[in-house]
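Bear in mind that the values in this text are calculations on the coordinates, not laboratory data. Computed from a predicted model, the values in this text were never measured in an experiment. Positions of Cβ are backbone-derived with ideal geometry, glycine not excepted, and every protein chain shown enters the neighbour counts.
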Ligand SMILES: *Cc1c(COP(=O)(O)O)cnc(C)c1O
C-alpha cells in the first residue's frame, strides 16, 4: 500500500523568485506538496504535485467541526549536502496520537515517511544551506468529507507542505503569566497538536500583546497556580543551577524538543527536575535572585529565551547571564541536528 508515489512535476520552478538570504518563517512555500486521500475506508496512493490551492466542498467537516491536526518538523543540509531530519518517526507517532483523539484515521508510518522522503527529494533545492535556516515541514490531516451532521467525516486528507525558513524569533521575549484563560483542560485535547488549540490561544494572546507582552505563559486550567507552557512551546525554568519543566499530561503537548533537551541537559551534567512548578515558587525565586532563566522549547525556534515576565500588575526581569543554559542547550541540539556534532542518541536521520 502506498508504495507507488506518483510525482507530478511543476512546469516551472519558483525557486528563482526566492531570496534565500532573507527568508521569513513559514510563508514562502516550496514547489511541491504531498497529498494522500482517505476514502472508501482506506488511504489511497499518495501524490507529489505542484503546491497549489485545493478545492473543498463548503460542507467539508473541517470547516464546521474542526477535525484538523498538524505537525512541525525541519530538514537541514549538512556541510556535505546531505539532507537530515530530526527524530521524524516521533512526529509520525504524535500525529497518530492526535488523530486518535480527533477520530481521524491513523496514517501508516510508511506512508508518512515515504511521502516525506519523496517530497524532500523532489524539492531538494529548496532546503536552505545558510546557518540558522532550515526547511520547515508541515504535515497535516483534516476532514475533507462533507455533511452538516455532527459526526466524524468519511473522507480525510493527509498533506505535507514545506517552507524554506530563516530563524523563528528575534528579540527579547516578554511573557505574561495567564490567570484567567486556559489553552487546555483535563480530559480535553491539549496534548494533541490540534488546530483548535491554537484558535483558542489567539484571543488571550492578543490581550497580552495589547498589554505590551509577546506571549502568554499558560497555567493549569483548574487553579492557574502551575506553569505549563509558553505560548505554543514547552517551558523550562532555571532556579539556581536546576532546570525545571512540568511533566506532560492531558493539557501539555509532549514536545520532541522538550524531551531532547531534558536528555541533553542531563548528559551535560545539569540537574534536571521534571515536576510541577508553581507561579508562587517562580515569583519567590525572582524576588530572591535565584531565578536565572526561563525559555520556551519547540521545533520552530528550538529555544526561545524569555527576558522577563508579568504577573498581577508587576513585571519581573530575568538577569542577563554570560553563559546561559539556553544558549548551551540550543547549540548542542542544533549541532546534532545539522551534523556538526556526533549524535550519540541516534536522533538524526539522513535521507
Ligand atoms: C508543537 C508544540 C510544542 C513543541 O513541540 P516540538 O515537538 O518540540 O516541536 C509545544 N507546545 C505546543 C502547544 C505545541 O503545539
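Data overview
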read-out: Principal-axis tilt of helix 88-101 within the chain, Cα atoms, nearest 10 degrees; value: 90 degrees
read-out: Label zone at residue 110, where the point sits 7 Å out along the Cα-to-Cβ direction: region 65-79 residues whose backbone N lies under 18 Å; value: none
read-out: Descending Cα extents along the principal axes, region 34-73, whole Å; value: 28, 27, 21
read-out: Inverse of mean 1/r across different Cα pairs in region 151-217, Kirkwood, Å; value: 14.9 Å
read-out: Region 102-234, Cα convex hull volume normalised per residue, Å³; value: 159 Å³
read-out: Choice from 13, 68, 30 with maximal GNM fluctuation in the chain (Cα, 10 Å cutoff); value: 13
read-out: Stokes-Einstein D in µm²/s, Kirkwood radius over Cα pairs - region 195-255 at 4 °C with 1.567 mPa s viscosity; value: 102 µm²/s
read-out: Square roots of 5 times each gyration tensor eigenvalue, C-alpha, region 6-165, largest first, Å; value: 29, 17, 14
read-out: Inter-label distance for residue 78 and residue 52, nm, one decimal - labels placed 7 Å from Cα along Cα-to-Cβ; value: 3.8 nm
read-out: Long-range Cα-Cα pairs in region 281-351 (distance over 18 Å), rounded percent; value: 51 percent
read-out: Helix-only mean residue ellipticity at 222 nm for the chain, each DSSP H run of n ≥ 4 adding -39500 (n - 2.57), per residue, nearest 500; value: -7500 deg cm²/dmol
read-out: Relative contact order for the chain, counting Cα pairs under 8 Å that sit 6 or more residues apart, in percent; value: 18 percent
read-out: Scaled radius of gyration (Cα, divided by 2.2 N^0.38 Å) that region 87-161 gives; value: 1.31
read-out: Quotient of Cα Rg and 2.2 N^0.38 Å for the chain, N being how many residues it contains; value: 1.02
read-out: Angle in degrees between helix 195-210 and the longest Cα principal axis of the chain, rounded to the nearest 10; value: 40 degrees
read-out: Calculated FRET value between residue 307 and residue 273, using beta carbons and R₀ = 22 Å, to 0.05; value: 0.45
read-out: Cα radius of gyration and Dmax for region 192-306 (Å); value: 14.0, 41
read-out: Candidates 98, 133, 151: whichever shows maximal mean-square fluctuation once the chain is modelled as a Gaussian network with Cα springs under 10 Å; value: 151
read-out: GNM flexibility winner over the chain from 35, 223, 17 (Cα, springs under 10 Å); value: 17
read-out: Helix 325-337 axis, angle to the chain major axis (alpha carbon atoms, nearest 10°); value: 20 degrees
